[in-house]
Amino acid sequence: MSSVGIRIEAANHPTARDRIVLVLTEIRPGLGRDAEDPRAIAGEVARMVSKLTRRSVTTGIGAAMAAPFVGRSALAAQPIVLGLPYCQTAAAGVADHQDFLNGTTLAMEEINAAGGILGRPLKLFTTDMNVLSPESSKQALAACVDAKVDAISFAFTLVPLPAMDATVKYKCPYINGNAQRAGTSAVKEQPDKYSHIFQFCPSEVNYGWSYALWLEDQEQGGVWKPKNRKVHIIQEQIGYCQTISRAAQEAIKRRGKFEVARITDIQYPVQDWAPVIREMKEVDAAAIMVDHWVAAEYAAFCKQFVASPVRDSLVYLQYGPSQPEFLELAGSAANGFVWGTTMGIYGDERGLAYRQKYKKRFPGIAGLAYTGIAYDQTYYLKKAWEAVGDPRKFREVCDWIRANPQRGVCGYVDMGNPYQEALHFPDNGGDELQARKLESGVAQLYVQIQGGEHKIVYPGPVSETKLISAPWWS
């Protein structure tokens, strides 16, 4: 076995040594092209050891030798490697990706402290990625493939297809926190090519489809009394924002309770929000959706808006305020605004406990989205690896993920559908990937900034409080 660089520390007993040699002799022929790969051999040994009963281990060794035999095998200590591309230097996405790295790190530390996975430690392989660049996204995923990682878990890229394509020959499990139907539609259309790719979050179309549903719910609750039936949508030009805008327009028209009064185009980077706010005042809509994505620019908008607001309008800011720097930059000007995420840490007992644990490990403002998504994705892979018994059996691990949903701190994830995308709650009538019960899907969260803190106000089963009057309301 010296040719593959593996050293065995057997218990000091001839029967124990013989048993290990027998295991290695039996498994190598069945590994095929991986017969010289230490990680593949280690995975198979760990799987076999994990299946040994106490009785079978102790036969011929003695009860006192059982624990040393299992615990001292250097093969079982070969790390399981999780590839994690994350945005470190680009103009956008850094905060979300740092949240994701933190959440993954917390999960990894817990897992390793508890003995690892199949007796092996979990290790991260990280590489930089520009989420706005197709070439950078492709290179980052290709670096994971070159490193022969056991799986890939990351936050998102705004250009998913090039990243996906970089992994199609390798086909290790690939779980991402994207919220883009462009990626999951490709999985549905080419299931063989993309069988290994899973989207942990419901797609961005749900932001648009759920917006009208949320407006109706807030009106029915009596806290918000719309001054008219008009909705004003301010839309950025990237495909992600355009998809959300189209879905919102479709849902508002279909439901018939409100009407789209105007659509205003903006272009990143927005240097000055004054012209946009003047147009908002001209339209004077009861509901305003700012369909953008950059936290720093949202903070600048809030400051300009509260200085000269559109009175009595309910203002929704698409996702961006979830990023930690938003509250730091906006300060008290953030109070009253609402934002949403298709996936985030619930306000239930389990979710609140995780938030406290996360803040203890990573002090400061904690994001509600990718801090929890990363944690849940890591534990999902852990369960899959342990169930299959060998992280290198990529197809079997992917099959297990398809067949076994998980309830984590961010909800119930079921990706056993043609899109391999988590189901969305509540049912907004947009497509077939909707859950009628909270226990069957991931709740889209609507969050209002209240007293400088993020508070979930919808949907009811996972909310922390109710919508309150914004400072610019009468």
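Below are the figures for this structure:
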item	result
FRET efficiency, 1/(1 + (r/R0)^6) with R0 35 Å, evaluated for residue 465 and residue 303 via beta carbons	0.90
Label-reachable residues, region 221-238, where backbone N falls under 12 Å from a point 7 Å from residue 262's Cα toward its Cβ	231-234
For region 369-446, accessible area per residue (1.4 Å probe, heavy atoms of protein chains only), Å²	33
Amide N proximity, region 94-112 versus residue 360 label position 7 Å along Cα-to-Cβ, cut-off under 19 Å	102-112
Carbon plus sulfur fraction of accessible area for region 265-353, probe 1.4 Å, in percent	50
Paired Rg and Dmax values of region 270-311, which use every Cα atom, in angstrom	9.9, 26
Cα Rg over Rh - region 391-454, Kirkwood	1.12
Exposure of residue 277 as accessible area (Å², to 10), given a probe of 1.4 Å and all protein chains	10
Simple label model, 7 Å out from Cα along Cβ direction - residue 437 to residue 147, nm	4.0
Sparsely packed trypsin sites (Lys or Arg not before Pro) within region 124-189, loop by DSSP, other Cβ within 10 Å at most 12	169
Per residue accessible area of region 304-368, 1.4 Å probe, in Å²	37
Dimensionless Rg/Rh of region 357-474 - Kirkwood Rh, Rg from C-alpha atoms	1.06
FRET efficiency, residue 282 to residue 473 (Cβ-Cβ, R0 25 Å, nearest 0.05)	0.80
Centroid-to-centroid separation of region 221-289 and region 445-474 [C-alpha atoms, Å]	20
Residues residue 188 and residue 112, FRET efficiency given R0 of 25 Å [Cβ-Cβ distance, rounded to 0.05]	0.10
Hz values of 3J(HN,Hα) by residue in region 355-364 - Karplus curve (6.51, -1.76, 1.60), Gly and Pro given as x	4, 5, 5, 5, 5, 5, 7, 10, x, x
Per-selection Kirkwood Rh - region 158-279 (Cα, Å, 1 d.p.)	16.8
In order through region 245-262: 3J(HN,Hα) via Karplus (6.51 cos²θ - 1.76 cosθ + 1.60), integer Hz, x for Gly, Pro	4, 4, 5, 5, 4, 4, 5, 4, 5, 5, 7, x, 8, 10, 9, 7, 7, 6
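The values are calculated or read from the model by the stated rules, or taken from the named source; none is laboratory data. Everything quoted here is computed from the prediction, not taken from an experiment. Neighbour counts are summed over all protein chains in view; Cβ atoms, including those assigned to glycine, are modelled from backbone coordinates with ideal geometry. Ligands, DNA and RNA are excluded from the accessible area calculation, which covers all protein heavy atoms including side chains. Shrake-Rupley method; radii C 1.70, N 1.55, O 1.52, S 1.80 Å.
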